[in-house]
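Participant: Dropping a structure here in structure tokens format, bear with me for questions.
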Amino acid sequence: MKKGLKKLLVLVLGVTFIFTLSGAAMAKADNSGKGKHENKEQKQILKEIKKLSKAGMTEEAKEQLSEFIAENPDSWKARKLQWKIQREVAKRQREQLKEELDIVKEIAEEGNIEDALARIEELEENFVASDILLEKKAEILAKLGNLEEAVLNMEEALEFNPWAKGLYKKLGELYENNGEKGLKVFVQGRRPVFDQPPVIKNGRTLVPVRAITEALGATVEYDPTTKEVIITRDDTTVILNLESRTATVNGQEIELDVPATTINARTVVPLRFVSQALDAAVDYDGETEIITIIEEDEEIDEEAADEEAASEEKEEISADETTSEESQEETTAADESQGTETAGSEPEVEIITE
């Protein structure tokens, strides 16, 4: 009798355990399905916003996108769409704004720096913020000796156009003039706030993991039991083990030059490895001590490169014209001088040849 009761009790417990596991699995599946459904909804919203922008309804697109980002601040795709819309708006007014900024440049070159700044502030009221407007304002502020404001404006210019390499150079000069030294890291034109400054170990830069991954639109978790740092974004999963030179990207093992580690109770990871694992390009300028991390976007990369090349070509042409004008003035002055000295007499052949 007792054996029968014992078998019955074991059977009941076994069935209960199976139902519990099944329920947990179903709940997990439901939650997973819900997450996918929410992601699909988000993608659909962004798709509709993109349609509005392409249809020329920019203001409405910007308003809806701002609301979306307020509700989904970590949405990487939303931020990318925001940049594209901002660039599209700026592009429409770019030519007119460039003409206005040429006038500002002339005013500044005449020594009327305060007037140039006042003209810039007028333009800010009539044009949407853009990289070229903020860049010129930063240059004017620097001439006035207001380096801190100049730096802030140049940093904001990079948020509008993180692909403009020339802006990083100019910003580096402002940092140097303002006495700021050491490594500076920019992710998509923004400078993450690090609670532990970047360090260089064995020729590799290590940065706090959370700040850099969140700046790249990824999430990070730490498992204290296994000492694993787990970084995820979209379909990419990166796993690093503290003090281990072996990491994995979607299950594929990769050897690191330096391992992830802890400094001042903060987990730091190899900057270049993590960035490239998340499909971002990393560049370092030793002169400015600026590290740039840019997510590759062929459409924007090519457009930004064309704009920068056109800008550089314009500056070169302007410089050539100035040199040519100066040369012409010097030649004219020399001719007049020679004419005065040789008036009434036949010029020497050597003078004519020269």
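Participant: Using θ = phi - 60° and the Karplus curve 6.51 cos²θ - 1.76 cosθ + 1.60, what whole-Hz ³J(HN,Hα) does each residue of the stretch 46-59 get, with Gly and Pro shown as x?
Facilitator: 5, 5, 5, 5, 4, 5, 4, 5, 5, 7, x, 8, 5, 4
Participant: Per 5 Å bin, what percent of the C-alpha pairs of the stretch 74-181 does each bin hold, from zero upward?
Facilitator: 2, 12, 21, 22, 20, 12, 6, 2, 1, 0
Participant: What fraction of the DSSP beta bridges in the stretch 183-299 is antiparallel, stated in percent and rounded to the nearest 5?
Facilitator: 90 percent
Participant: Listed here are the pairs 51/77; 54/169; 77/184; 54/80; 91/165; which of them are more than 21 Å apart at the Cα?
Facilitator: Violating the 21 Å limit, Cα to Cα: 54/169; 77/184.
Participant: Thinking of the stretch 183-299 as a set of Cα atoms, what percent of all their pairs are more than 16 Å apart?
Facilitator: 57 percent
Participant: Further question on the same structure: Give me the log10 of I(q) over I(0) for the stretch 117-274 at q = 0.13, 0.17 Å⁻¹, as the Debye formula computes it from C-alpha points; what are the numbers?
Facilitator: Debye output, listed in q order: -0.71, -0.97.
Participant: Then there's this: Taking the highest mean first, how do the peptides 211-220, 59-68, 193-202 order by number of other beta carbon atoms within 10 angstrom per residue?
Facilitator: 211-220, 59-68, 193-202
All of the numbers you see were taken from the coordinates with simple rules; none came from a lab. Since this is a predicted model, take the numbers as computed values, not measurements. Here Cβ is always computed from backbone atoms with ideal geometry, including for glycine, and neighbour counts include all displayed protein chains.
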